[in-house]
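Read through the structure below, which is laid out as structure tokens, and then see the notes.
The values are calculated or read from the model by the stated rules, or taken from the named source; none is laboratory data. This one's a predicted model, so the numbers in the text were calculated from it and none came from an experiment. Positions of Cβ are generated from backbone atoms using ideal geometry, with glycine treated the same way; all protein chains shown enter the neighbour counts.
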Amino acid sequence: MSESDPVTVVISSLLKSGFPFQTAVAKAVQEHSRWDFRADLEEMPWRHPDGTDQFLDMVAIRDRYIVTIECKKSLAQLTFLTPDVVDETQTRESRCLFIRADEAVIGSGVFEPAPKSHRSMYCCGNTQERPAQRLEGDIRMLLHGTNALAKELEKSKSDSDRVFVPVLVTTASLFTLAYNPNQVDIETGELPPGVARDGLAEAPWVRFQKAFLAGDGGHRTVFVVHSGDLGTFLDRLEGGVKDAPRDIVYPRYLHLQFNPYNRNV
């Protein structure tokens, strides 16, 4: 077949597209029988403050958890830095958006959803395509969409608190790097290769946490999960949330809303 053959062109476009990966993630979540995942919870529209319509890839619900999911196919390796915590025990703490059943008000608080992982606010990639910068852009859109969903659900009644857990599922390999910042050469800005090699470890998922959105009530936690470990992640996510959040703030930024043509949640 020539490169201009229609079948070759179609296959080439499919290899570049992220939609086949998204459908595979949707199927994996759907087959996880303990999660309420329906077809109408895919490609959920919301409106950005700039007036453009965007989509949440999918939403999975179980009990008080509302998991918003963004899917990203990538051949990159993503490394999350954990300076000054060489001997850190992995954490369950996560700052998540929530709606209190008794108040019907959106807040941001510290919960402890399992599973444990390392927590980082720094990420770097291994290619010239700047995967770490793209990751942060994807996360901002995921959080905008999560905020929009929370704003919509704020109007509906619930017998229990609802906790929003944003998850970015990726084919990229994930690593954490533990080191002491004193080991970085202050003149060159470089970490000695031996130190980096000793502190590097592969990870199935990581808590990526910082103030991704200005005016959003401070830090937010996003789980970055390797696609091959998604099933295990969902299994372990089912327990471990405390009855009440800590360190509550009430973001004034949440003015996004869902488009009126989709109110199926």
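Candidates in region 22-41 are the residues that are small (Gly, Ala, Ser) and in contact with a Cys (Cβ under 9 Å, 6 or more places away or on another chain); of these, the one that is surrounded by the fewest Cβ atoms within 10 Å (Cβ to Cβ) is 24.
Here 152, 103 are screened, and the one residue that is over 16 Å from residue 222 (Cβ atoms), surrounded by 18 or more Cβ atoms within 10 Å (Cβ to Cβ) and more than 17 Å from the chain's Cα centre (by Cα) is 152. Filter region 106-131 for residues that are among the hydrophobic types (A, V, I, L, M, F, W, C) and surrounded by fewer than 18 Cβ atoms within 10 Å (Cβ to Cβ) and give the result. Answer for region 106-131, where residues must be among the hydrophobic types (A, V, I, L, M, F, W, C) and surrounded by fewer than 18 Cβ atoms within 10 Å (Cβ to Cβ): 110, 114, 121, 124.
Entry remark, region 48-67: residues being assigned to a strand (DSSP E or B), at pLDDT 85 or above and either under 21 Å from residue 140 (Cβ atoms) or not aromatic (Phe, Trp, Tyr) (or both) number 11 in total.
When the residues of region 199-212 are filtered to those that are part of a strand (DSSP E or B) and touching a strand residue (DSSP E or B) at 6+ places or on another chain (Cβ under 6 Å), the one that is surrounded by the fewest Cβ atoms within 10 Å (Cβ to Cβ) is 202. Considering only region 144-166, state which residues are within 21 Å of residue 45 (Cα to Cα) and out of contact with any strand residue (DSSP E or B) (no Cβ under 6 Å at 6 or more places or on another chain). Scanning region 144-166 gives 144, 147, 149, 153, 155, 156. Restricting region 213-253 to residues that are at pLDDT 85 or above and under 20 Å from residue 99 (Cβ atoms) leaves a set whose member that is surrounded by the most Cβ atoms within 10 Å (Cβ to Cβ) is 222.
I'd like to check something: does region 20-42 contain any residue that is within 28 Å of residue 177 (Cα to Cα), modelled with pLDDT of 75 or more, touching a strand residue (DSSP E or B) at 6+ places or on another chain (Cβ under 8 Å) and not acidic (Asp, Glu)? Yes, region 20-42 contains at least one residue that is within 28 Å of residue 177 (Cα to Cα), modelled with pLDDT of 75 or more, touching a strand residue (DSSP E or B) at 6+ places or on another chain (Cβ under 8 Å) and not acidic (Asp, Glu).
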